[in-house]
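Q: This is the structure I want to talk about, given as C-alpha coordinates.
The values are calculated or read from the model by the stated rules, or taken from the named source; none is laboratory data. Just so it is clear, the model here is predicted, and its values are computed rather than measured. Cβ placement follows ideal geometry from the backbone for every residue including glycine, while neighbour counts extend to all protein chains displayed. Surface areas here come from the heavy atoms of the whole protein model, side chains and all, with no ligands, DNA or RNA. Shrake-Rupley method; radii C 1.70, N 1.55, O 1.52, S 1.80 Å.
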Amino acid sequence: MNRSWNFIDASAVFVICVMTLSLLSIGVVRQRGTSRQSSCENNLIQIGVAFHNYHSAYKQLPFGSGGTDAGGIDQPKRGNAGRLSAFVAATPFMEEQKLWEMISNPQRNGSNEFPAMGPVPWFDEQLYTPWSLRPKRLVCPDDPHAKTFALASSYVMNYGDGVEKVFFGRGDWPNPGDTRSAMLARATQRGIFGKQKEYKFRDVLDGLSNTLMLAESRVAGPRVAKNVPGLPLDPSLVIKAQGGKQFWPVGREVRWCDGLLRSTGFQTILPPGSPSATSDQGDQTAVMSASSYHGRGTHVLFCDGAVRFVTHTIDAGDPSNPSVGLSENQPGRSLTPPGSKSPYGLWGALGTRANKEVVTIDTRKRGSGITEPRRQIPAEQLEAIRKKPIRTWTAAGGRSKMNGWLVSCTKEGNVVLVNEKGDEKYVTLSDLSGEDAYWIVQSLVAEKVQARDQLLDQMRDAVALLEKKEFGAFLTRFVDASQMSVQEVRFVSEFVFRKRGVLIQGFDDAIGIAQSGQVNIEVIDNRMLANFDDNDRNLRGNLVMHFSNDRWYWLPPPR
(Lines give C-alpha, C1' and ligand atoms only; values in the text may rest on other atoms or scores of the structure.)
Protein backbone atom coordinates (compact mmCIF):
# COMPACT_ATOMS: atom_id res chain seq x y z
CA MET A 1 0.00 0.00 0.00
CA ASN A 2 2.78 2.43 0.90
CA ARG A 3 4.63 1.70 -2.34
CA SER A 4 1.49 2.39 -4.39
CA TRP A 5 0.78 5.57 -2.50
CA ASN A 6 4.35 6.87 -3.03
CA PHE A 7 4.15 6.25 -6.75
CA ILE A 8 0.80 8.03 -7.10
CA ASP A 9 2.01 10.92 -4.95
CA ALA A 10 5.18 11.34 -7.01
CA SER A 11 3.26 11.22 -10.28
CA ALA A 12 0.83 13.85 -9.03
CA VAL A 13 3.70 16.12 -8.01
CA PHE A 14 5.25 15.75 -11.47
CA VAL A 15 1.96 16.60 -13.22
CA ILE A 16 1.54 19.66 -10.98
CA CYS A 17 5.08 20.77 -11.86
CA VAL A 18 4.36 20.52 -15.57
CA MET A 19 1.06 22.37 -15.30
CA THR A 20 2.54 25.11 -13.11
CA LEU A 21 5.41 25.93 -15.44
CA SER A 22 3.27 25.53 -18.55
CA LEU A 23 0.88 28.16 -17.23
CA LEU A 24 3.82 30.41 -16.39
CA SER A 25 5.18 30.12 -19.91
CA ILE A 26 1.96 30.40 -21.92
CA GLY A 27 1.94 34.21 -21.82
CA VAL A 28 5.42 34.56 -23.22
CA VAL A 29 5.64 31.82 -25.84
CA ARG A 30 4.90 34.17 -28.72
CA GLN A 31 7.54 36.64 -27.56
CA ARG A 32 10.24 34.03 -27.17
CA GLY A 33 11.74 34.35 -30.65
CA THR A 34 12.75 37.95 -30.01
CA SER A 35 13.70 37.49 -26.36
CA ARG A 36 16.14 34.66 -27.06
CA GLN A 37 17.77 35.97 -30.20
CA SER A 38 17.50 38.96 -32.48
CA SER A 39 15.35 38.81 -35.59
CA CYS A 40 18.39 39.75 -37.65
CA GLU A 41 20.32 36.74 -36.40
CA ASN A 42 17.35 34.51 -37.14
CA ASN A 43 17.12 35.91 -40.67
CA LEU A 44 20.74 34.95 -41.33
CA ILE A 45 20.16 31.48 -39.93
CA GLN A 46 17.11 30.92 -42.14
CA ILE A 47 18.92 32.18 -45.27
CA GLY A 48 21.79 29.85 -44.41
CA VAL A 49 19.35 26.94 -44.11
CA ALA A 50 17.94 27.86 -47.52
CA PHE A 51 21.41 27.83 -49.11
CA HIS A 52 22.22 24.50 -47.45
CA ASN A 53 18.97 23.02 -48.75
CA TYR A 54 19.77 24.38 -52.21
CA HIS A 55 23.16 22.70 -52.01
CA SER A 56 21.53 19.42 -50.95
CA ALA A 57 19.18 19.60 -53.93
CA TYR A 58 21.67 20.69 -56.63
CA LYS A 59 25.05 19.66 -55.15
CA GLN A 60 26.32 23.24 -55.35
CA LEU A 61 25.60 26.72 -54.03
CA PRO A 62 23.70 29.15 -56.26
CA PHE A 63 25.73 31.60 -58.35
CA GLY A 64 26.38 34.89 -56.61
CA SER A 65 25.28 36.35 -59.93
CA GLY A 66 23.75 34.08 -62.57
CA GLY A 67 20.78 33.35 -64.79
CA THR A 68 20.34 33.43 -68.54
CA ASP A 69 22.78 35.20 -70.86
CA ALA A 70 20.09 37.00 -72.87
CA GLY A 71 19.08 40.59 -72.16
CA GLY A 72 21.07 43.63 -71.18
CA ILE A 73 21.01 47.42 -71.27
CA ASP A 74 19.84 47.51 -74.90
CA GLN A 75 17.29 44.69 -74.54
CA PRO A 76 16.24 44.68 -70.87
CA LYS A 77 13.05 42.61 -71.43
CA ARG A 78 14.74 39.84 -73.35
CA GLY A 79 16.39 38.24 -70.32
CA ASN A 80 18.21 38.83 -67.04
CA ALA A 81 21.73 39.20 -68.50
CA GLY A 82 23.15 36.69 -66.01
CA ARG A 83 22.68 39.18 -63.19
CA LEU A 84 20.23 37.41 -60.87
CA SER A 85 21.41 37.16 -57.26
CA ALA A 86 21.67 33.92 -55.31
CA PHE A 87 18.60 35.04 -53.38
CA VAL A 88 16.47 34.56 -56.48
CA ALA A 89 17.60 30.96 -56.91
CA ALA A 90 16.99 30.31 -53.20
CA THR A 91 13.41 31.65 -53.10
CA PRO A 92 11.74 28.20 -53.11
CA PHE A 93 13.92 27.28 -50.11
CA MET A 94 12.94 30.47 -48.22
CA GLU A 95 9.21 29.65 -48.14
CA GLU A 96 8.72 31.78 -51.26
CA GLN A 97 7.48 29.08 -53.64
CA LYS A 98 4.79 31.31 -55.16
CA LEU A 99 7.36 34.01 -55.94
CA TRP A 100 9.66 31.42 -57.51
CA GLU A 101 6.86 30.17 -59.76
CA MET A 102 6.18 33.73 -60.91
CA ILE A 103 9.87 34.27 -61.75
CA SER A 104 10.50 30.87 -63.36
CA ASN A 105 7.53 31.14 -65.73
CA PRO A 106 6.89 33.65 -68.54
CA GLN A 107 4.94 36.74 -67.48
CA ARG A 108 2.77 39.21 -69.34
CA ASN A 109 1.80 42.69 -68.17
CA GLY A 110 -0.26 44.54 -70.78
CA SER A 111 1.90 44.86 -73.87
CA ASN A 112 5.01 43.78 -71.95
CA GLU A 113 6.08 40.14 -72.26
CA PHE A 114 8.81 38.69 -70.08
CA PRO A 115 10.61 35.34 -70.47
CA ALA A 116 11.05 32.73 -67.79
CA MET A 117 13.55 33.97 -65.15
CA GLY A 118 12.52 37.53 -65.88
CA PRO A 119 14.08 40.64 -67.38
CA VAL A 120 17.22 42.35 -66.10
CA PRO A 121 17.02 42.77 -62.31
CA TRP A 122 17.14 46.57 -62.56
CA PHE A 123 13.98 46.57 -64.71
CA ASP A 124 10.98 48.62 -63.54
CA GLU A 125 9.39 46.59 -60.75
CA GLN A 126 6.00 48.21 -61.45
CA LEU A 127 5.96 46.48 -64.83
CA TYR A 128 7.57 43.23 -63.70
CA THR A 129 6.02 42.68 -60.27
CA PRO A 130 8.18 39.76 -59.01
CA TRP A 131 11.09 42.15 -58.53
CA SER A 132 8.94 44.16 -56.11
CA LEU A 133 8.21 41.13 -53.90
CA ARG A 134 11.30 41.10 -51.72
CA PRO A 135 11.36 38.03 -49.41
CA LYS A 136 10.75 39.04 -45.81
CA ARG A 137 13.87 37.20 -44.63
CA LEU A 138 16.09 39.68 -46.47
CA VAL A 139 15.30 42.66 -44.23
CA CYS A 140 17.07 43.53 -40.98
CA PRO A 141 14.39 44.87 -38.60
CA ASP A 142 16.84 47.46 -37.24
CA ASP A 143 17.51 49.10 -40.62
CA PRO A 144 15.51 52.37 -40.63
CA HIS A 145 15.67 52.62 -44.43
CA ALA A 146 14.37 49.14 -45.25
CA LYS A 147 10.85 50.39 -46.02
CA THR A 148 11.98 53.42 -47.98
CA PHE A 149 14.21 51.23 -50.14
CA ALA A 150 11.66 48.47 -50.58
CA LEU A 151 13.75 46.41 -53.02
CA ALA A 152 16.97 46.32 -51.03
CA SER A 153 18.48 43.37 -49.17
CA SER A 154 20.07 43.82 -45.76
CA TYR A 155 22.35 40.83 -46.39
CA VAL A 156 25.22 40.39 -48.81
CA MET A 157 27.35 37.47 -50.07
CA ASN A 158 31.03 36.77 -49.49
CA TYR A 159 33.22 37.39 -52.58
CA GLY A 160 36.49 36.87 -50.68
CA ASP A 161 39.42 39.25 -50.43
CA GLY A 162 40.19 39.85 -54.13
CA VAL A 163 39.85 43.21 -55.87
CA GLU A 164 40.95 43.12 -59.50
CA LYS A 165 38.13 41.86 -61.74
CA VAL A 166 36.64 40.08 -58.74
CA PHE A 167 33.21 40.40 -60.40
CA PHE A 168 34.24 38.97 -63.75
CA GLY A 169 32.22 36.08 -65.20
CA ARG A 170 32.29 33.93 -68.29
CA GLY A 171 31.04 36.58 -70.68
CA ASP A 172 33.33 39.31 -69.36
CA TRP A 173 36.64 37.88 -70.58
CA PRO A 174 37.71 39.19 -74.01
CA ASN A 175 38.96 35.71 -74.87
CA PRO A 176 37.42 32.92 -72.75
CA GLY A 177 40.25 30.59 -73.77
CA ASP A 178 42.97 32.98 -72.62
CA THR A 179 45.18 31.24 -70.05
CA ARG A 180 45.95 34.49 -68.23
CA SER A 181 42.23 35.22 -67.81
CA ALA A 182 41.67 31.83 -66.22
CA MET A 183 44.65 32.36 -63.92
CA LEU A 184 43.38 35.79 -62.94
CA ALA A 185 39.98 34.32 -62.07
CA ARG A 186 41.57 31.72 -59.79
CA ALA A 187 43.87 34.32 -58.26
CA THR A 188 41.31 36.94 -57.28
CA GLN A 189 37.99 35.11 -56.85
CA ARG A 190 38.64 33.50 -53.49
CA GLY A 191 35.24 33.73 -51.75
CA ILE A 192 32.29 31.34 -51.59
CA PHE A 193 30.25 33.25 -54.20
CA GLY A 194 31.14 34.62 -57.62
CA LYS A 195 29.69 35.80 -60.89
CA GLN A 196 28.61 32.77 -62.95
CA LYS A 197 30.73 30.61 -60.66
CA GLU A 198 29.53 27.39 -59.08
CA TYR A 199 31.10 26.52 -55.75
CA LYS A 200 30.46 23.46 -53.63
CA PHE A 201 31.05 22.92 -49.94
CA ARG A 202 33.83 20.52 -50.87
CA ASP A 203 35.64 23.53 -52.38
CA VAL A 204 35.84 25.13 -48.94
CA LEU A 205 39.17 23.59 -47.97
CA ASP A 206 39.65 26.03 -45.08
CA GLY A 207 36.61 24.50 -43.36
CA LEU A 208 32.96 25.54 -43.28
CA SER A 209 33.31 26.83 -39.71
CA ASN A 210 36.18 29.13 -40.76
CA THR A 211 34.67 30.60 -43.93
CA LEU A 212 32.05 33.32 -44.22
CA MET A 213 28.90 32.97 -46.31
CA LEU A 214 26.91 36.17 -45.60
CA ALA A 215 27.16 39.46 -43.75
CA GLU A 216 24.94 42.46 -43.13
CA SER A 217 24.96 45.66 -45.16
CA ARG A 218 23.21 48.93 -44.39
CA VAL A 219 20.59 49.50 -47.07
CA ALA A 220 21.15 53.21 -47.68
CA GLY A 221 24.81 53.61 -46.92
CA PRO A 222 27.59 54.30 -46.27
CA ARG A 223 28.32 56.18 -49.49
CA VAL A 224 30.13 54.32 -52.27
CA ALA A 225 32.85 56.26 -54.08
CA LYS A 226 33.47 55.54 -57.75
CA ASN A 227 36.18 55.85 -60.38
CA VAL A 228 38.94 55.31 -57.82
CA PRO A 229 42.24 54.36 -59.55
CA GLY A 230 44.73 51.92 -58.05
CA LEU A 231 42.37 49.93 -55.78
CA PRO A 232 43.97 46.50 -56.43
CA LEU A 233 47.40 47.83 -55.35
CA ASP A 234 46.10 49.84 -52.38
CA PRO A 235 42.56 49.18 -51.05
CA SER A 236 43.06 51.89 -48.40
CA LEU A 237 42.39 54.38 -51.23
CA VAL A 238 38.71 53.60 -50.52
CA ILE A 239 39.02 55.56 -47.29
CA LYS A 240 40.79 58.49 -48.94
CA ALA A 241 38.15 58.57 -51.70
CA GLN A 242 35.51 59.54 -49.14
CA GLY A 243 36.97 63.03 -49.28
CA GLY A 244 36.40 63.21 -53.04
CA LYS A 245 33.40 64.24 -55.10
CA GLN A 246 32.48 61.16 -57.15
CA PHE A 247 29.92 58.86 -55.55
CA TRP A 248 27.16 56.51 -56.63
CA PRO A 249 23.76 58.21 -56.17
CA VAL A 250 22.24 56.18 -53.30
CA GLY A 251 24.60 54.11 -51.19
CA ARG A 252 25.10 50.70 -52.72
CA GLU A 253 21.93 50.97 -54.88
CA VAL A 254 20.91 47.57 -53.58
CA ARG A 255 18.28 45.33 -55.21
CA TRP A 256 17.66 41.95 -53.64
CA CYS A 257 17.35 40.31 -57.06
CA ASP A 258 20.51 41.89 -58.55
CA GLY A 259 23.70 39.84 -58.23
CA LEU A 260 25.97 42.84 -58.88
CA LEU A 261 28.82 42.96 -56.36
CA ARG A 262 27.88 46.52 -55.42
CA SER A 263 24.32 45.36 -54.78
CA THR A 264 24.50 42.04 -52.93
CA GLY A 265 28.19 41.29 -52.35
CA PHE A 266 30.99 42.20 -49.95
CA GLN A 267 34.68 41.48 -49.49
CA THR A 268 36.75 40.84 -46.38
CA ILE A 269 39.29 43.60 -46.97
CA LEU A 270 38.32 46.63 -44.88
CA PRO A 271 36.72 45.79 -41.50
CA PRO A 272 32.93 46.02 -40.99
CA GLY A 273 31.60 49.56 -40.99
CA SER A 274 34.22 50.79 -43.46
CA PRO A 275 33.38 52.71 -46.65
CA SER A 276 33.21 51.15 -50.12
CA ALA A 277 34.32 52.15 -53.61
CA THR A 278 34.42 50.99 -57.22
CA SER A 279 37.49 51.54 -59.37
CA ASP A 280 38.22 53.46 -62.54
CA GLN A 281 37.74 50.09 -64.28
CA GLY A 282 34.07 50.05 -63.26
CA ASP A 283 31.95 47.86 -60.96
CA GLN A 284 33.88 44.68 -61.65
CA THR A 285 36.94 45.87 -59.75
CA ALA A 286 35.80 47.19 -56.40
CA VAL A 287 36.07 47.05 -52.61
CA MET A 288 32.70 46.59 -50.90
CA SER A 289 32.48 46.50 -47.10
CA ALA A 290 30.01 44.94 -44.67
CA SER A 291 28.07 47.22 -42.31
CA SER A 292 25.06 47.23 -39.97
CA TYR A 293 22.88 49.22 -37.57
CA HIS A 294 23.85 47.04 -34.61
CA GLY A 295 26.61 49.25 -33.31
CA ARG A 296 30.33 48.81 -33.88
CA GLY A 297 30.25 45.69 -36.03
CA THR A 298 28.02 43.37 -38.05
CA HIS A 299 26.41 39.96 -37.83
CA VAL A 300 27.95 37.35 -40.13
CA LEU A 301 26.92 33.85 -41.15
CA PHE A 302 29.56 31.13 -41.50
CA CYS A 303 29.24 28.33 -44.04
CA ASP A 304 28.46 25.84 -41.26
CA GLY A 305 25.37 27.88 -40.31
CA ALA A 306 26.81 29.60 -37.22
CA VAL A 307 26.08 33.30 -36.66
CA ARG A 308 28.65 35.53 -34.99
CA PHE A 309 29.14 39.26 -34.45
CA VAL A 310 32.32 40.76 -35.95
CA THR A 311 33.38 44.07 -34.47
CA HIS A 312 35.04 46.99 -36.23
CA THR A 313 38.22 46.18 -34.30
CA ILE A 314 38.79 42.74 -35.85
CA ASP A 315 42.30 42.18 -37.19
CA ALA A 316 42.11 43.24 -40.86
CA GLY A 317 45.81 43.60 -41.54
CA ASP A 318 47.15 46.63 -43.38
CA PRO A 319 44.58 47.96 -45.89
CA SER A 320 47.37 49.48 -47.97
CA ASN A 321 48.77 46.02 -48.74
CA PRO A 322 48.34 45.05 -52.41
CA SER A 323 45.53 42.56 -52.98
CA VAL A 324 46.13 39.10 -54.43
CA GLY A 325 46.33 38.98 -58.21
CA LEU A 326 48.52 38.70 -61.31
CA SER A 327 50.94 41.59 -61.66
CA GLU A 328 51.81 42.94 -65.09
CA ASN A 329 55.45 43.00 -66.14
CA GLN A 330 56.05 46.55 -65.08
CA PRO A 331 58.37 48.26 -62.59
CA GLY A 332 57.13 49.46 -59.25
CA ARG A 333 54.68 47.94 -56.82
CA SER A 334 53.28 44.44 -57.50
CA LEU A 335 50.15 42.59 -56.44
CA THR A 336 50.38 39.84 -53.83
CA PRO A 337 51.16 36.55 -55.66
CA PRO A 338 48.29 34.11 -56.33
CA GLY A 339 47.77 31.43 -53.69
CA SER A 340 49.10 33.62 -50.90
CA LYS A 341 47.42 33.85 -47.52
CA SER A 342 45.14 36.83 -47.18
CA PRO A 343 47.04 40.10 -46.59
CA TYR A 344 44.07 41.39 -44.57
CA GLY A 345 44.49 39.57 -41.27
CA LEU A 346 41.82 37.43 -39.61
CA TRP A 347 39.04 39.25 -41.45
CA GLY A 348 40.60 38.49 -44.80
CA ALA A 349 41.24 34.86 -43.84
CA LEU A 350 37.57 34.38 -42.97
CA GLY A 351 36.66 35.44 -46.50
CA THR A 352 38.85 32.97 -48.38
CA ARG A 353 37.67 29.42 -48.93
CA ALA A 354 40.88 27.53 -49.75
CA ASN A 355 44.07 29.34 -48.78
CA LYS A 356 45.14 27.29 -45.76
CA GLU A 357 45.02 30.16 -43.29
CA VAL A 358 45.03 28.87 -39.73
CA VAL A 359 41.97 30.43 -38.08
CA THR A 360 41.09 30.07 -34.41
CA ILE A 361 37.72 31.54 -33.52
CA ASP A 362 37.30 32.16 -29.80
CA THR A 363 34.29 34.38 -29.14
CA ARG A 364 35.39 34.87 -25.54
CA LYS A 365 38.99 35.87 -26.24
CA ARG A 366 39.74 39.47 -25.45
CA GLY A 367 40.32 41.55 -28.58
CA SER A 368 39.48 38.76 -31.04
CA GLY A 369 36.93 40.96 -32.81
CA ILE A 370 34.46 38.04 -32.98
CA THR A 371 31.73 37.66 -30.36
CA GLU A 372 28.45 35.86 -29.93
CA PRO A 373 25.48 37.42 -31.82
CA ARG A 374 23.82 40.55 -30.51
CA ARG A 375 20.90 39.36 -28.36
CA GLN A 376 17.79 41.39 -27.74
CA ILE A 377 17.10 42.22 -24.10
CA PRO A 378 14.20 40.15 -22.70
CA ALA A 379 11.20 42.25 -21.72
CA GLU A 380 11.49 41.23 -18.06
CA GLN A 381 15.13 42.29 -17.88
CA LEU A 382 14.39 45.57 -19.66
CA GLU A 383 11.61 46.34 -17.18
CA ALA A 384 13.96 45.74 -14.25
CA ILE A 385 16.66 47.91 -15.83
CA ARG A 386 14.27 50.82 -16.29
CA LYS A 387 13.44 50.83 -12.59
CA LYS A 388 16.98 51.96 -11.88
CA PRO A 389 18.00 55.65 -12.05
CA ILE A 390 18.52 56.91 -15.59
CA ARG A 391 21.93 58.31 -16.53
CA THR A 392 23.22 60.73 -19.15
CA TRP A 393 26.03 59.06 -21.12
CA THR A 394 28.70 61.16 -22.80
CA ALA A 395 30.79 59.97 -25.74
CA ALA A 396 34.58 60.28 -25.51
CA GLY A 397 35.62 63.82 -26.35
CA GLY A 398 32.11 65.10 -25.58
CA ARG A 399 30.91 64.48 -29.14
CA SER A 400 27.38 63.43 -28.16
CA LYS A 401 25.14 62.53 -25.21
CA MET A 402 22.39 59.99 -24.59
CA ASN A 403 19.97 59.36 -21.74
CA GLY A 404 19.60 55.71 -20.84
CA TRP A 405 20.56 52.72 -18.70
CA LEU A 406 23.47 50.32 -18.52
CA VAL A 407 22.57 46.76 -19.53
CA SER A 408 25.91 44.99 -19.37
CA CYS A 409 29.66 45.27 -19.83
CA THR A 410 31.90 42.31 -20.68
CA LYS A 411 35.44 41.86 -19.41
CA GLU A 412 36.58 42.77 -22.93
CA GLY A 413 34.99 46.22 -22.44
CA ASN A 414 31.98 45.74 -24.74
CA VAL A 415 29.11 47.80 -23.34
CA VAL A 416 25.37 47.53 -23.98
CA LEU A 417 23.21 50.57 -23.22
CA VAL A 418 19.49 51.05 -23.75
CA ASN A 419 17.90 54.46 -24.36
CA GLU A 420 14.49 55.77 -23.30
CA LYS A 421 12.87 54.35 -26.45
CA GLY A 422 14.20 50.88 -25.70
CA ASP A 423 16.83 50.93 -28.48
CA GLU A 424 20.01 49.02 -27.68
CA LYS A 425 23.34 50.77 -28.20
CA TYR A 426 26.55 48.76 -28.50
CA VAL A 427 29.73 50.65 -27.61
CA THR A 428 33.03 50.02 -25.87
CA LEU A 429 34.41 51.58 -22.71
CA SER A 430 36.83 53.59 -24.85
CA ASP A 431 33.87 55.13 -26.71
CA LEU A 432 32.63 56.73 -23.49
CA SER A 433 33.98 59.56 -21.37
CA GLY A 434 36.44 58.60 -18.66
CA GLU A 435 33.88 59.42 -15.96
CA ASP A 436 31.25 57.13 -17.51
CA ALA A 437 33.74 54.31 -18.06
CA TYR A 438 34.85 54.52 -14.42
CA TRP A 439 31.23 54.55 -13.22
CA ILE A 440 30.47 51.38 -15.22
CA VAL A 441 33.44 49.51 -13.80
CA GLN A 442 32.59 50.51 -10.24
CA SER A 443 28.89 49.70 -10.55
CA LEU A 444 29.61 46.29 -12.08
CA VAL A 445 31.99 45.45 -9.25
CA ALA A 446 29.28 46.40 -6.73
CA GLU A 447 26.65 44.37 -8.60
CA LYS A 448 28.90 41.33 -8.70
CA VAL A 449 29.57 41.56 -4.97
CA GLN A 450 25.84 41.79 -4.26
CA ALA A 451 25.05 38.89 -6.57
CA ARG A 452 27.83 36.77 -5.04
CA ASP A 453 26.43 37.39 -1.55
CA GLN A 454 22.97 36.25 -2.63
CA LEU A 455 24.18 33.17 -4.53
CA LEU A 456 25.11 31.03 -1.55
CA ASP A 457 21.85 31.56 0.34
CA GLN A 458 19.70 30.95 -2.71
CA MET A 459 21.48 27.70 -3.62
CA ARG A 460 20.90 26.49 -0.06
CA ASP A 461 17.21 27.28 -0.50
CA ALA A 462 17.21 25.25 -3.72
CA VAL A 463 18.70 22.22 -1.94
CA ALA A 464 16.13 22.49 0.87
CA LEU A 465 13.23 22.46 -1.60
CA LEU A 466 14.64 19.47 -3.47
CA GLU A 467 15.25 17.52 -0.26
CA LYS A 468 11.61 18.09 0.74
CA LYS A 469 10.50 17.04 -2.78
CA GLU A 470 8.76 20.38 -3.22
CA PHE A 471 9.27 20.22 -7.00
CA GLY A 472 6.68 22.85 -7.90
CA ALA A 473 8.19 25.42 -5.53
CA PHE A 474 11.70 24.66 -6.80
CA LEU A 475 10.69 25.07 -10.45
CA THR A 476 8.77 28.27 -9.77
CA ARG A 477 11.60 29.90 -7.81
CA PHE A 478 14.67 28.61 -9.62
CA VAL A 479 13.68 28.09 -13.27
CA ASP A 480 13.10 31.13 -15.50
CA ALA A 481 10.22 29.80 -17.61
CA SER A 482 9.93 33.06 -19.58
CA GLN A 483 12.99 31.99 -21.59
CA MET A 484 11.61 28.56 -22.57
CA SER A 485 9.10 26.96 -24.87
CA VAL A 486 6.35 24.79 -23.45
CA GLN A 487 8.23 21.68 -24.65
CA GLU A 488 11.37 22.84 -22.87
CA VAL A 489 9.42 23.47 -19.68
CA ARG A 490 8.09 19.94 -19.77
CA PHE A 491 11.56 18.53 -20.34
CA VAL A 492 12.95 20.49 -17.38
CA SER A 493 10.08 19.38 -15.12
CA GLU A 494 10.75 15.75 -15.97
CA PHE A 495 14.50 16.21 -15.55
CA VAL A 496 14.09 17.66 -12.04
CA PHE A 497 11.68 14.89 -11.10
CA ARG A 498 14.00 12.09 -12.31
CA LYS A 499 17.38 13.60 -11.40
CA ARG A 500 16.53 15.01 -7.98
CA GLY A 501 19.44 13.25 -6.26
CA VAL A 502 21.94 14.32 -8.90
CA LEU A 503 20.73 17.92 -8.65
CA ILE A 504 21.05 17.93 -4.86
CA GLN A 505 24.63 16.65 -5.14
CA GLY A 506 25.39 19.23 -7.84
CA PHE A 507 24.07 22.09 -5.69
CA ASP A 508 25.96 20.78 -2.64
CA ASP A 509 29.21 20.74 -4.63
CA ALA A 510 28.46 24.26 -5.95
CA ILE A 511 27.85 25.49 -2.40
CA GLY A 512 31.25 24.14 -1.41
CA ILE A 513 32.90 25.95 -4.32
CA ALA A 514 31.07 29.19 -3.47
CA GLN A 515 32.13 28.96 0.20
CA SER A 516 35.75 28.66 -0.90
CA GLY A 517 35.41 31.86 -2.93
CA GLN A 518 36.43 30.16 -6.19
CA VAL A 519 33.14 30.59 -8.03
CA ASN A 520 33.54 32.00 -11.56
CA ILE A 521 31.03 34.81 -12.24
CA GLU A 522 31.08 36.42 -15.69
CA VAL A 523 28.78 38.25 -18.12
CA ILE A 524 27.83 36.45 -21.36
CA ASP A 525 25.06 37.57 -23.76
CA ASN A 526 23.95 40.32 -21.34
CA ARG A 527 23.56 37.79 -18.51
CA MET A 528 25.59 37.29 -15.36
CA LEU A 529 26.49 33.60 -15.09
CA ALA A 530 28.02 31.53 -12.29
CA ASN A 531 29.68 28.29 -13.45
CA PHE A 532 30.45 25.29 -11.24
CA ASP A 533 32.39 22.31 -12.56
CA ASP A 534 30.53 19.03 -12.14
CA ASN A 535 31.91 15.70 -13.27
CA ASP A 536 28.64 13.81 -13.04
CA ARG A 537 27.60 12.86 -16.57
CA ASN A 538 23.97 12.63 -15.51
CA LEU A 539 23.97 16.39 -15.01
CA ARG A 540 25.14 16.78 -18.63
CA GLY A 541 27.96 19.19 -17.95
CA ASN A 542 28.48 22.00 -15.46
CA LEU A 543 26.00 23.43 -12.99
CA VAL A 544 25.25 26.96 -14.16
CA MET A 545 23.26 29.71 -12.43
CA HIS A 546 22.21 32.99 -14.08
CA PHE A 547 21.31 36.25 -12.36
CA SER A 548 18.14 38.05 -13.47
CA ASN A 549 15.79 40.52 -11.79
CA ASP A 550 17.90 40.57 -8.60
CA ARG A 551 17.87 36.80 -8.03
CA TRP A 552 19.65 33.65 -9.19
CA TYR A 553 18.07 31.01 -11.43
CA TRP A 554 19.29 27.52 -12.31
CA LEU A 555 20.15 27.18 -15.99
CA PRO A 556 18.87 23.72 -17.01
CA PRO A 557 20.90 21.45 -19.34
CA PRO A 558 19.99 21.37 -23.04
CA ARG A 559 17.46 18.82 -24.25
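A quick yes/no check of all residues on (1) of a type in the set (S, T, N, Q); (2) over 16 Å from residue 451 (Cβ atoms); (3) at pLDDT 90 or above:
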position	(1), (2), (3)
490	no, yes, no
507	no, yes, yes
518	yes, no, no
547	no, no, no
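Q: With respect to residue 83, determine if the residue is among the charged types (D, E, K, R) and buried (at least 22 other Cβ atoms within 10 Å of the Cβ).
A: It is true that residue 83 is among the charged types (D, E, K, R) and buried (at least 22 other Cβ atoms within 10 Å of the Cβ).
Q: Hey, another quick one. Which residues, taken from region 111-128, are out of contact with any helix residue (DSSP H, G or I) (no Cβ under 7 Å at 6 or more places or on another chain), touching a residue at least 12 places away in the same chain (Cβ under 8 Å) and either under 13 Å from residue 258 (Cα atoms) or surrounded by fewer than 13 Cβ atoms within 10 Å (Cβ to Cβ) (or both)?
A: Passing the criteria: 113, 119, 120, 122.
Q: Taking the residues in region 129-153 that are of a type in the set (Ser, Thr, Tyr) and over 13 Å from residue 220 (Cα atoms) as candidates, determine which candidate is least open to solvent (accessible area, probe 1.4 Å).
A: It comes out as 132.
Q: Considering only residues of region 529-545 that are open to solvent by less than 60 Å² (accessible area, probe 1.4 Å) and touching a strand residue (DSSP E or B) at 6+ places or on another chain (Cβ under 7 Å), which is modelled with the lowest pLDDT?
A: 534
Q: Related question: Looking at 458, 454, 450, 442, which is the one that is assigned to a helix (DSSP H, G or I), of a type in the set (S, T, N, Q), open to solvent by 70 Å² or more (accessible area, probe 1.4 Å) and closer than 30 Å to residue 509 by Cβ?
A: Just one listed residue meets the conditions, 450.
Q: Among the residues of region 404-438, how many are at pLDDT 85 or above and open to solvent by 70 Å² or more (accessible area, probe 1.4 Å)?
A: Looking only at that region, the number is 4.
Q: Which condition from (1) modelled with pLDDT under 90; (2) under 28 Å from the mean Cα position of the chain (by Cα) is the one that residue 443 breaks?
A: (2)
Q: Can you confirm whether residue 104 is over 30 Å from residue 487 (Cβ atoms), within 27 Å of the chain's Cα centre (by Cα), modelled with pLDDT of 95 or more and among the polar types (S, T, N, Q)?
A: no
Q: Looking at (1) open to solvent by less than 50 Å² (accessible area, probe 1.4 Å); (2) modelled with pLDDT of 85 or more; (3) out of contact with any strand residue (DSSP E or B) (no Cβ under 8 Å at 6 or more places or on another chain), which is the only condition residue 483 fails?
A: Of (1) open to solvent by less than 50 Å² (accessible area, probe 1.4 Å); (2) modelled with pLDDT of 85 or more; (3) out of contact with any strand residue (DSSP E or B) (no Cβ under 8 Å at 6 or more places or on another chain), only one is false for residue 483: (2).
Q: Name the residues in region 509-528 that are part of a helix (DSSP H, G or I) and open to solvent by less than 70 Å² (accessible area, probe 1.4 Å), would you?
A: Those that are part of a helix (DSSP H, G or I) and open to solvent by less than 70 Å² (accessible area, probe 1.4 Å): 509, 510, 511, 512, 513, 514.
Q: Only one of 313, 352 is at negative phi and open to solvent by less than 30 Å² (accessible area, probe 1.4 Å); which?
A: Only one candidate qualifies: 352.
Q: Right, something else. Looking only at strands (runs of 3 or more DSSP E) that lie completely in region 269-357, which have at least 2 residues being in contact with a strand residue (DSSP E or B) (Cβ under 8 Å, 6 or more places away or on another chain) and modelled with pLDDT of 95 or more?
A: Answer list for region 269-357: 276-279, 282-287, 297-302.
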